[in-house]
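A.B. asks: Supplied in structure tokens, the structure appears directly below.
The values are calculated or read from the model by the stated rules, or taken from the named source; none is laboratory data. This one's a predicted model, so the numbers in the text were calculated from it and none came from an experiment. Cβ placement follows ideal geometry from the backbone for every residue including glycine, while neighbour counts extend to all protein chains displayed. Surface areas here come from the heavy atoms of the whole protein model, side chains and all, with no ligands, DNA or RNA. Shrake-Rupley method; radii C 1.70, N 1.55, O 1.52, S 1.80 Å.
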Amino acid sequence: MTSGIRTVRTGSNVEQLQEAIRENLFFVQGQTPETATITDWYMAVAYSVRDRLLTHWLETRRAYYKPENKVVAYLSAEFLLGPHLGNNLLNLNLGQQVRAAVEGLGLNFYEVMAAEEEPGLGNGGLGRLAACYMDSLSTLAVPAIGYGIRYEFGIFDQEINNGWQVEAADEWLRAGNPWEIRRPHQKQIVMFGGRTADYTDNDGNYRVLWAPDRLVCGIPYDTPILGYRSGVANTLRLWKAEAYEDFNLEAFNIGDYYGAVEQKVTTENITKVLYPNDQAMRGKALRLEQQYFFASCSLQDMLRMHTAQGLPLETFADKWAVQLNDTHPAIAVAELMRLLVDSFMVPWDTAWEITQATFGYTNHTLLPEALEKWPLALFRSVLPRHLEIIYEINQRFLTEVRRRVPGDEARVARLSLIDESGERYVRMAHLATVGSHSINGVAALHSELLKHGVLRDFAELYPERFSNVTNGVTPRRWIALANPALTALISEKIGNGWLARLEHDLELLEQFADDEEFLQRWRRVKLASKECLSGIIRRRCGVAADPESMFDIQVKRIHEYKRQHLNVLHIIYSYLRLKRGLDSDAPPRTFIFGGKAAPGYFLAKLIIKLIHSVGEVINKDASLEGRLRVAFVPDYNVTNSLPVYPAADLSEQISTAGKEASGTGNMKFAMNGALTIGTLDGANVEIRECVGEENFFLFGLTAEEVMRRKAEGYQPWAIYQQNEELREVIDQLRDGAFSRGDKELFRPIVDQLLGADPYMLLADFESYVRCQAAVSREFLDTAGWTRKSILNTARSGKFSSDRSIREYCREIWNVKPLAKAAAEVAL
Ligand code: 26W
């Protein structure tokens, strides 16, 4: 297929690339070098790079249609991809040439890169994990399709105004998106609302007809996801909602101009914006419509491809391994049943077998407020047929429960897909669990807590379905792209293959951990990264961060369980001690924060204000001579996170044990040579196991102890009374020391801590500050610290998303890499 395609589209030497860029500027952007904006040049470069992965992309797509190839379908309401250009240059190994070509055209390569709008189609951990997994699936040559939603507006842009978060709409599509291709010929129709009617068909079979009151078009937009040097480019198919009938001429002719376009407007609202809530369910009908819309489009698309290959429906689960990224796409279980039973007339039992064999469900949170449950009335109004199907699934399931565990109606009520306790709800986690052959958590501790907590009754019923796949991150973006200097240093020592073989090769670095020359070079790389971040902090926060100080970093969504406010209590504690002339031998520290708060989450927004207010007081306190600095990097996203991970000395992973399912930032920091201070929570437990407890700063209650302390009746007030230094810290906060005397501003935080303190900050305070003192002592031993830093990187190979994907393929999806790469890629 590729032969004859002119080299201007495929050539990879500098001249050919320059020619390609010039051609795309003229023929695609319609610009001459004289009139082109930096965005025009970026577009011209982007199209030139896209041209050079198209062959891989179309070949990979052909593989989806080969009956012998089982395909992974990753259903996720969020994909936090980050900018494409740099990643595609790395994976195509064209970075040098394109840079030379661009600079040869008189342009600044980094300005061109920076012109790319980041597709912020996710909130945080779950969305970014989906993006890392897509990179690994292509790198491991596993045929896969990522299915999601093409939000017109992604996660909001965060501005800080007088210490307060202000949200701005994320118009990421304003200049167009060169990485996507619209595929209207593969549109799907999705039904909403209306009512159902049952009847008996000619063969005497019970049948149900769904008469919807709204039809919506689902238009797919495809984006190539190129693997790292694998020659495989899988597809990310994101659905956009468009009106079934774009323009209502009758309405127009009678002068009802809004009526003429009303359907268009309301329909397109479905994929208008990403819900910016991370961990908190908001029972909005539009959210349910979004979830059903992309689940239905995706399943119809898979069935189209399945029948196009002439494959019988009975083999659907042999061809497709569909993974539910949390409960957000869980309606897919009922939708596949509807399509098989109502549209393809498959008998119920057969359909149910196919469904269970097709789906796997990954849980990403234990927080009760994050577990999705939909009020019956709302559910019935949007999806009347699916409610009937869910009732049928539930009835058959509970019959089996009563057969296996007779006389335990309390257990039946706990297991039911319908929460009958108060207002009635559909429990989406129960639908996902009953409808899947596999349920997994995202870190060893989390998967255990899942089996002994929220899904305990299911784990007792189906122990064989439960497993763990610890999260991972792609070393391509999070080491090679974020930290090219460290990448070069590592490659110099252990060769070039390690980026695709992290868990095998990275540990080879360990042998250099006592090599003085290597230690110096390692320190220089870290210092250069800190100087780079220091420049960014000065420009964006107006704070002078001394690169020689310890960079103590906490970047993640703002949430009480992640305890950014515990970090602040330690900062105040350190400040008060320095003011008293204590700890003068401690190394200077720069505390760096970053993260967005859900717009409706008041306390999280107040924590952002707290960080700024405490920073303001400390940063302008000359008596400290810069020994402490506090900075908040605004608009934390994939692009802005890249210079942060390489620059960290200390990674703050301080969540209340049992609350952070896994964490993935913790992995990115360890890979870039930061040492972790953390609780035994999520993947921190496994990071500590890998890097060695002597190379990890552990503090705080375990998940077990947290539950026990709560059960025994936790008294934060008593701790406040007993601990004088803690009391002083909280009193300072209460008395307005960090709010220009305003005693009201931070009262909600103080009241929370002295009240229920649900995330047990006071219980962990003493252990935390003691651990931080140990950190300070160890940081003064520069050689010792550098050695630990190298060992953290060397021993974090396990946390490559390639390892996670290999486990999913082996344990859950039973999928093989494409033949073309099978030789090199051992799953
Ligand atoms: C209904 C609103 C909502 C939106 C998003 C509820 C829950 C979510 C996500 C599940 C939240 C999330 O991103 N969880 C994070 O997932 C990461 C990837 O597995 C984990 O590493 C984090 O620990 C977990 O908090």
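A.B. asks: Return the Cα extents of the chain along principal axes one, two and three, sorted largest first, each rounded to a whole Å.
C.D. replies: 90, 75, 62
A.B. asks: Work out from phi, with θ = phi - 60° and the Karplus expression 6.51 cos²θ - 1.76 cosθ + 1.60, the ³J(HN,Hα) of each residue of region 695-708, listed in order in whole Hz, and give x for Gly and Pro.
C.D. replies: Per residue, the Karplus-derived 3J(HN,Hα) values read 10, 9, 9, 9, 8, x, 5, 7, 4, 4, 5, 4, 5, 5 Hz.
A.B. asks: To the nearest 10 Å², what's residue 553's accessible area with a 1.4 Å probe?
C.D. replies: 0 Å²
A.B. asks: So what is the accessible area of region 400-536 per residue, in Å², with the probe set to 1.4 Å?
C.D. replies: Working: 5440 Å² over 137 residues.
Accessible area per residue, region 400-536: 40 Å².
A.B. asks: For region 104-200, state which GluC sites (Glu not before Pro) are in a DSSP loop and have at most 15 other beta carbons lying within 10 Å of their beta carbon.
C.D. replies: On the way: sites: 111, 116, 117, 152, 159, 167, 171, 180; in loops: 116, 117, 152, 171, 180.
Taking region 104-200 and a limit of 15 other Cβ atoms within 10 Å, the loop GluC sites (Glu not before Pro) found are 171.
A.B. asks: A further question on this structure: Suppose the Debye formula is applied to equal point scatterers at every Cα of region 1-145; what is log10 I(q)/I(0) at q = 0.08, 0.12, 0.17 Å⁻¹?
C.D. replies: -0.26, -0.58, -1.03
A.B. asks: Under 8 Å for C-alpha pairs, at least 6 residues apart: give me the relative contact order for region 18-144, rounded to a whole percent. Kindly include the intermediate steps, with their values, before the conclusion.
C.D. replies: On the way: 126 pairs, mean separation 40.1, N = 127.
Relative contact order for region 18-144 comes out at 32 percent.
A.B. asks: Amide H to amide H under 5 Å from residue 189: which residues, 5+ apart in sequence or cross-chain, H placed 1.01 Å off N in plane?
C.D. replies: Here 218 satisfy the definition.
A.B. asks: What do the square roots of 5 times the Cα gyration tensor eigenvalues come to for region 292-368, in whole Å, largest first, as semi-axes of the equivalent ellipsoid?
C.D. replies: Working: eigenvalues 101, 31, 28 Å².
Values for region 292-368, descending: 22, 13, 12 Å.
A.B. asks: Roughly what % of Cα-Cα distances in region 675-770 sit above 23 Å, to the whole percent? Please list the in-between numbers first.
C.D. replies: Values: 1714 of 4560 pairs.
Value for region 675-770 (Cα pairs over 23 Å): 38 percent.
A.B. asks: I've got another one for you. Might you tell me the accessible area per residue for region 663-814, computed with a 1.4 Å probe and given in Å²?
C.D. replies: Values: 5740 Å² over 152 residues.
Ligands and nucleic acids excluded, the figure is 38 Å² per residue.
A.B. asks: Please report how far the C-alpha centroid of region 582-604 lies from that of region 128-182, rounded to the nearest whole angstrom.
C.D. replies: 26 Å
A.B. asks: 7 Å from Cα along Cα→Cβ at both residue 584 and residue 254: what's the point-to-point distance in nm?
C.D. replies: 8.7 nm
A.B. asks: Measure up 562/710; 562/605; 579/605; 530/596; 70/187 against 21 Å on the Cα-Cα distance and list the ones that go over. Walk me through the numbers before you get to the answer.
C.D. replies: Working: 562/710 18 Å; 562/605 14 Å; 579/605 28 Å; 530/596 23 Å; 70/187 23 Å.
Flagged as over cut-off: 579/605; 530/596; 70/187.
A.B. asks: Per the 1.4 Å probe, what fraction of the accessible area of the chain, in percent, lies on carbon and sulfur atoms? Mind dumping the intermediate values first?
C.D. replies: On the way: 15760 of 30480 Å².
Carbon and sulfur atoms account for 52 percent of the accessible area of the chain.
A.B. asks: Express as a percent, rounded to the nearest 5, the fraction of DSSP beta bridges in the chain (both residues included) that run antiparallel.
C.D. replies: Counting only bridges with both partners in the chain, antiparallel ones make up about 45 percent.
A.B. asks: Could you grab the relative contact order for the chain? Cα pairs under 8 Å, six or more apart, rounded to a whole percent. Mind dumping the intermediate values first?
C.D. replies: Values: 1537 pairs, mean separation 106.3, N = 827.
Normalised by residue count, the contact order of the chain is 13 percent.
A.B. asks: Out of region 5-84, which chymotrypsin sites (Phe, Trp or Tyr not before Pro) are coil in DSSP terms and have no more than 15 other C-beta atoms within 10 Å?
C.D. replies: On the way: sites: 26, 27, 41, 42, 47, 57, 64, 65, 74, 79; in loops: 65.
Loop-located and lightly packed - 65.
A.B. asks: Can you give the relative contact order of region 484-584 as a percent, counting alpha carbon pairs under 8 Å and 6+ residues apart?
C.D. replies: Details: 37 pairs, mean separation 13.7, N = 101.
For region 484-584, the relative contact order is 14 percent.
A.B. asks: Using only Cα atoms, locate the centre of region 774-808 and the centre of region 289-362, then give the distance between them in Å, rounded to an integer.
C.D. replies: 41 Å
A.B. asks: Let me ask something else. Cα centroids of region 229-246 and region 382-424: how far apart, whole angstrom?
C.D. replies: Each part's Cα centre sits 36 Å from the other's.
A.B. asks: Can you tell me the mean projection area, over all orientations, of the convex hull of region 357-476's alpha carbons? Units nm², please.
C.D. replies: Working: hull surface 36.3 nm².
For region 357-476, averaging the hull's shadow over all directions gives 9.1 nm².
A.B. asks: Further question: Taking H placed 1.01 Å from N in the peptide plane, check which residues at least 5 places from residue 648 or on another chain put their amide H under 5 Å from its amide H.
C.D. replies: Answer set, sorted by chain and number: none.
A.B. asks: Could you derive backbone 3J(HN,Hα) for region 548-553 from the dihedral phi with the Karplus parameters 6.51, -1.76 and 1.60 (θ = phi - 60°), listing whole Hz in sequence and x where the residue is Gly or Pro?
C.D. replies: Each residue's phi maps through the Karplus curve to give 7, 6, 7, 8, 9, 10 Hz.
A.B. asks: Follow-up question, since we're still on this one. Semi-axes, largest first, in whole Å: what does sqrt of 5 times each Cα gyration tensor eigenvalue give for region 704-827? Mind showing how you got there, number by number?
C.D. replies: Values: eigenvalues 419, 104, 49 Å².
Taking √(5λ) for each Cα gyration eigenvalue gives 46, 23, 16 Å.
A.B. asks: Using a 1.4 Å probe, what is the accessible area per residue for region 1-142, in Å²?
C.D. replies: Numbers: 5400 Å² over 142 residues.
On a per-residue basis, region 1-142 sits at 38 Å².
A.B. asks: Could I ask something else about it? For residue 73, which sequence-distant residues (separation of 5 or more, or a different chain) have an amide H within less than 5 Å of its own amide H, given hydrogens modelled in the peptide plane?
C.D. replies: Amide H to amide H, under 5 Å and 5 or more residues apart or across chains, residue 73 pairs with 145, 321, 322, 323.
A.B. asks: Probe 1.4 Å, all protein chains in place: accessible area of residue 505 in Å², nearest 10?
C.D. replies: Around 20 Å² of this residue is reachable by solvent.
A.B. asks: If you count only protein heavy atoms and use a 1.4 Å probe, how large is the accessible surface of residue 66, to the nearest 10 Å²?
C.D. replies: So the heavy atoms of residue 66 present about 90 Å² to solvent.
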